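S.K.: The structure's right below; bear with me while I get my questions together.
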Amino acid sequence: MKARVAVFVSGGGTNLQAIIDASLRGEIPSAEIALVASNKSDAYALERAKKHGIKTVVCERLPGEKRDDLECRFLNAVHSARIDLIVLAGFMMILSKNFIASFPGKIINVHPALIPSFCGKGFYGLKVHEAALEKGVKVSGATVHYVNEIPDGGEIIAQKAVDVLDGDTPEILQKRVMEEAEWILFPRAVEMVSKSIIESKEAE
Ligand code: GAR
């Protein structure tokens, strides 16, 4: 048995790619990527999914559409694909309490800093690295955590530190954090959480 995973994306999808590659290397035996869902129709992550024959769905906010209705479309896609675990990989939309409550303990996220530093509302993508450099920290990194109703506030699953070096720009630091932390930690966390989901299903 494998956990059916949906990866939610908004952008380039290098973390999605890291998960796909790890899966192809046999490093995520407990999971199957059953769906890639995006709130942006031009997300390059969708091309990465298609290249690997993974089903994709786009739920873009329509003019005047309520957030609840948009979330409802994501939820329908997830339910019809019989998803066990939602993986947020550069998904730039904060999910509502209601959405999270319908998947308790079954949503994980990667954040490009060592939580509780540089996290929460407004800290996403390059902004996180800009804030880290502004503060002058000498170490940053990445965190994989469960998603709860507090942005970046759920239980921490894994963290990895990365050095900040003299002369770093936000882009250089982002690349180092991705290469040395995110792309390693996230696939491992997907395997770990999927394995425990399967184990608890089998014990039912
Ligand atoms: C990654 O660095 C991810 O940690 C970050 O956005 C980037 C997405 O890159 N996510 C957040 O900031 C969420 N708060 P990717 O599309 O290439 O995986």
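S.K.: Consider the range 116-150. How many of its residues are in contact with a strand residue (DSSP E or B) (Cβ under 8 Å, 6 or more places away or on another chain) and more than 10 Å from the ligand (Cβ to nearest atom)?
M.R.: So the answer is 9.
S.K.: Which residues, taken from the range 92-108, are within 16 Å of the ligand (Cβ to nearest atom) and open to solvent by 20 Å² or more (accessible area, probe 1.4 Å)?
M.R.: Correct list: MET92, MET93, ILE94.
S.K.: Looking for something outside any loop (DSSP other than H, G, I, E, B), touching a Gly at 6+ places or on another chain (Cβ under 6 Å) and at negative phi - is there at least one such residue anywhere in the range 73-92?
M.R.: no
S.K.: If CYS59 satisfies all but one of (1) at pLDDT below 95; (2) more than 30 Å from GLU204 (Cα to Cα), what's the number of the condition it fails?
M.R.: The failed condition is (1).
S.K.: Further, regarding this structure: Do we find that ILE28 is within 19 Å of ILE108 (Cα to Cα) and open to solvent by less than 40 Å² (accessible area, probe 1.4 Å) in this structure?
M.R.: For ILE28, the condition - within 19 Å of ILE108 (Cα to Cα) and open to solvent by less than 40 Å² (accessible area, probe 1.4 Å) - is met.
S.K.: Which numbered condition in (1) open to solvent by 30 Å² or more (accessible area, probe 1.4 Å); (2) within 16 Å of the ligand (Cβ to nearest atom) is the only one that VAL36 fails?
M.R.: Every listed condition holds for VAL36 apart from (1).
S.K.: Next question, about the same structure. Check MET192 against each of (1) more than 14 Å from the ligand (Cβ to nearest atom); (2) within 21 Å of LEU16 (Cα to Cα); (3) not in a helix (DSSP H, G or I) and name the one condition it does not meet.
M.R.: (3)
S.K.: Tally up the residues in the range 1-23 that are more than 7 Å from the ligand (Cβ to nearest atom), modelled with pLDDT of 95 or more and open to solvent by 40 Å² or more (accessible area, probe 1.4 Å), please.
M.R.: Adding up the residues that qualify gives 4.
S.K.: Can you tell me which residue is nearest to the chain's Cα centre (by Cα) among those in the range 167-204 that are surrounded by fewer than 20 Cβ atoms within 10 Å (Cβ to Cβ) and among the β-branched types (Val, Ile, Thr)?
M.R.: Among residues in the range 167-204 that are surrounded by fewer than 20 Cβ atoms within 10 Å (Cβ to Cβ) and among the β-branched types (Val, Ile, Thr), the one nearest to the chain's Cα centre (by Cα) is ILE184.
S.K.: Which residue, of ASP68, ASP42, is not in a helix (DSSP H, G or I) and not small (Gly, Ala, Ser)?
M.R.: ASP42
S.K.: For the range 147-163, state whether one or more residues are closer than 28 Å to CYS59 by Cα, of a type in the set (S, T, N, Q) and either within 12 Å of the chain's Cα centre (by Cα) or loosely packed, with under 15 Cβ neighbours inside 10 Å (or both).
M.R.: No, that holds for no residue.
S.K.: Where in the range 106-187 are the strands (runs of 3 or more DSSP E), entirely inside, with at least 2 residues that are over 30 Å from ILE198 (Cβ atoms)?
M.R.: 139-146, 156-163
The values are calculated or read from the model by the stated rules, or taken from the named source; none is laboratory data. In this text the structure is predicted, and so the values were computed from the model without any measurement. In this analysis, Cβ positions are derived from the backbone assuming ideal geometry, glycine residues included, and neighbour counts consider all displayed protein chains. Accessible surface areas use protein heavy atoms only, side chains included; no ligands, DNA or RNA. Shrake-Rupley method; radii C 1.70, N 1.55, O 1.52, S 1.80 Å.
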